[in-house]
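The values are calculated or read from the model by the stated rules, or taken from the named source; none is laboratory data. Keep in mind that what you see is a predicted model, and the values were worked out from it rather than measured. Cβ atoms come from the backbone with ideal geometry, glycine included; neighbour counts cover every protein chain shown. Side chains included, ligands, DNA and RNA excluded: accessible areas come from the protein's heavy atoms. Shrake-Rupley method; radii C 1.70, N 1.55, O 1.52, S 1.80 Å.
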Amino acid sequence: MDIEIDRAATQRLREFLDAIGVILGTPQRRENFARYALGLIGDGDRKSVEPIVARAGPSVGHMDAAHQRLLHFITDSAWDDHVVRLAAARYTLALLTKTAVPWAWIVDDTGFLKQGKHSVGVQRQYTGTAGKVTNCQIGVSLSVATPQDHVPIDFELYLPTSWADDPARRAEAKIPNEVQFQTKPQLALAMLRRAVAANLPRGTVLADEGYSSAEFREGCRKLGLDYAVSVSAPTRVWVVDARGHRRGDALPACDPRRAAGRGARVSPLHLA
């Protein structure tokens with residue numbers, strides 16, 4: 001789909017790319033970042049390096065060199081993706097918070113459907129994107145939401161054990177030694193810690209059942225974050241009184257009325 005932007009939007013895009021370029025430092029990184037970013041938002045369905053370079057229009061004689069430069073920027077160049085994402089998040093949140101107050105931090109994951117076996121983290125696994133088990137990568141994201149808008153501010157690629165524990169695959173994909181297997185809730189907690197450390201505008205953490213582990217909930221509490229996560233029906237809960245003391249026995253979350261007692265309030269609930 002073609003995207004048309006007016007002169008003001010063009011100027012904002014230029015200012016944004018220039019600001020990220022300052023973080024990247026060298027003229028070569030700045031040039032390749034701009035080429036890659038424009039390739040992602042420009043024409044064409046394929047967003048890998050080769051078609052982006054081809055659409056940029058270098059002569060045939062310079063095509064291979066341009067391809068290698070962009071590939072080096074993405075795979076080997078020494079720039080910190082977390083710092084770049086934080087700068088992008090601050091830029092966007094400054095615009096969002098002019099009209100509304102953030103009310104939620106949304107944790108979610110997305111599947112990226114793949115055909116082959118060489119994309120980092122790809123395997124047959126369930127993704128809500130397809131609604132089934134299929135060959136895909138999984139990315140865990142953190143978004144900030146206002147009542148009108150939302151924007152992703154951080155992202156982590158899920159690396160399953162089929163990749164994390166395979167030295168040959170790690171070497172081929174150049175996966176850094178410090179990147180080890182982490183569950184999706186652990187990846188989400190790492191992003192929440194970064195957001196808190198960066199003092200980004202806070203909201204209630206929202207997540208689905210896949211993130212309702214005791215470790216995730218405890219991590220949110222330690223960060224001073226309110227949270228609301230979906231839980232499976234058999235999860236055991238206690239009702240607590242105004243002083244935080246448990247009342248009665250733990251019962252299934254699917255029947256909080258029975259847990260609270262007939263006619264009693266059903267909140268707050270503590271998960272077992």
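Here are the numbers:
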quantity	calculated
Failed item in (1) more than 30 Å from residue 146 (Cβ to Cβ); (2) assigned to a strand (DSSP E or B), with residue 53 passing the rest	(2)
Qualifying residues in the range 209-229 (those that are in contact with a strand residue (DSSP E or B) (Cβ under 7 Å, 6 or more places away or on another chain) and over 17 Å from residue 155 (Cα atoms)) - the one most open to solvent (accessible area, probe 1.4 Å)	226
Flag if residue 237 is at pLDDT below 80 and either under 24 Å from residue 89 (Cα atoms) or open to solvent by less than 40 Å² (accessible area, probe 1.4 Å) (or both)	yes
Meets criteria (loosely packed, with under 14 Cβ neighbours inside 10 Å, of a type in the set (Lys, Arg) and under 27 Å from residue 159 (Cβ atoms)) for residue 46	yes
Residue match in the range 118-138 (condition: open to solvent by 60 Å² or more (accessible area, probe 1.4 Å), of a type in the set (Lys, Arg), more than 22 Å from residue 12 (Cβ to Cβ) and out of contact with any Ser or Thr (no Cβ under 6 Å at 6 or more places or on another chain))	yes
Odd one out for residue 134 among (1) touching a strand residue (DSSP E or B) at 6+ places or on another chain (Cβ under 7 Å); (2) touching a residue at least 40 places away in the same chain (Cβ under 8 Å)	(2)
Test: residue 140 is touching an Asp or Glu at 6+ places or on another chain (Cβ under 8 Å), β-branched (Val, Ile, Thr) and under 22 Å from residue 110 (Cβ atoms)	yes
Unique match (being at pLDDT below 95 and not small (Gly, Ala, Ser)) among 142, 95	95
Residue among 215, 178 that alone is of a type in the set (Asp, Glu) and in contact with a Leu (Cβ under 9 Å, 6 or more places away or on another chain)	215
Residue in the range 100-114 that is assigned to a strand (DSSP E or B) and either acidic (Asp, Glu) or closer than 26 Å to residue 14 by Cβ (or both) present	yes
Residue, nearest to the chain's Cα centre (by Cα), within the range 156-192, restricted to residues that are exposed (fewer than 13 other Cβ atoms within 10 Å of the Cβ) and assigned to a helix (DSSP H, G or I)	161
Test: residue in the range 14-37 that is open to solvent by 70 Å² or more (accessible area, probe 1.4 Å), basic (Lys, Arg), over 25 Å from residue 173 (Cα atoms) and free of Cβ contacts under 8 Å to residues at least 12 places away in the same chain	yes
Output for the range 56-73, where each listed residue is surrounded by 13 or more Cβ atoms within 10 Å (Cβ to Cβ) and either in a helix (DSSP H, G or I) or in contact with a His (Cβ under 7 Å, 6 or more places away or on another chain) (or both)	56, 63, 66, 67, 69, 70, 71, 72, 73
Residue 93 open to solvent by less than 60 Å² (accessible area, probe 1.4 Å) and either over 30 Å from residue 220 (Cβ atoms) or outside any helix (DSSP H, G or I) (or both)	no
